[in-house]
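The values are calculated or read from the model by the stated rules, or taken from the named source; none is laboratory data. These figures come from a predicted structure and were not determined experimentally. Cβ coordinates were reconstructed from backbone atoms using ideal geometry, including for glycine residues, and neighbour counts include every protein chain displayed. These area figures cover heavy atoms from the full protein model, side chains too; ligands, DNA and RNA do not enter into them. Shrake-Rupley method; radii C 1.70, N 1.55, O 1.52, S 1.80 Å.
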Amino acid sequence: MTRRRFLHAVSAALLSPFVGRLAAASPAEESPSGSAPVDRLELPKSTWKKLLPSDAYGVLFAEATERPFTSPLNEEKRPGVFVCAACYLPLFSSDAKYESGTGWPSFFRTLPGRVGTKRDFSLFLPRTEYHCIRCGGHQGHVFDDGPAPTGQRYCNNGVALRFVPEGEPPPPLRTAP
């Protein structure tokens, strides 16, 4: 175990009770030029709670964090796309995934126009939370310590994503029940 991995694991264990308490902030949606607008899917939390497994609901709509090194997506190396586990909007291409050593699936860029951000003060120091632009589901946090070409690390909760291998059709976007 590297020192970085050890420090991330210890930090996550010590700080996990505080994760999820976000300061009220309005989302600043990312809208890169040239990206098609995404229609929002507005469902009450009670509906999401019925549709999703409890661990996915906790991360996506109660802003919990899964334990590091527990997601099978950490080891996913096949070509494909990662979609939001709630609404199935594609968020990341597998060509942007890399091993960050943090214990969570990490990406150096999103698909254009697919995530929104807001400031998060839950750990007392400001961070940038990102969420699915379609359903608002919490995905993780973005940091400025990633690899080239972006220098960003989108640190994602594995239960907030589904992987669709190349050649398989993605699930249709979820609609209101």
Reach of K45 by Cα under 28 Å, taken over lysines that are not fewer than 8 positions away in the same chain: K118
What's the extension gain from E76 to R40 if we count 0.36 nm per residue and subtract their Cα-Cα distance? 10.1 nm
So if we plug the beta-carbon distance of F143 and E166 into 1/(1 + (r/R0)^6) with R0 = 25 Å, what FRET efficiency do we get, rounded to 0.05? 0.35
Overall form of region 54-108 per C-alpha gyration tensor (a/c, 1.5; a/b vs b/c): oblate
For region 36-159, accessible area per residue (1.4 Å probe, heavy atoms of protein chains only), Å²: 44 Å²
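Can you tell me how region 29-177 classifies by the Cα gyration tensor, rounded, prolate or oblate, using a/c under 1.5 as the rounded cut?
Working: a/c = 1.24, a/b = 1.13, b/c = 1.09.
It is rounded, given that a/c, with a ≥ b ≥ c, falls under 1.5.
Please state the shape class of region 113-177: rounded when a/c is under 1.5, otherwise prolate if a/b exceeds b/c and oblate if not, all from the C-alpha gyration tensor.
oblate
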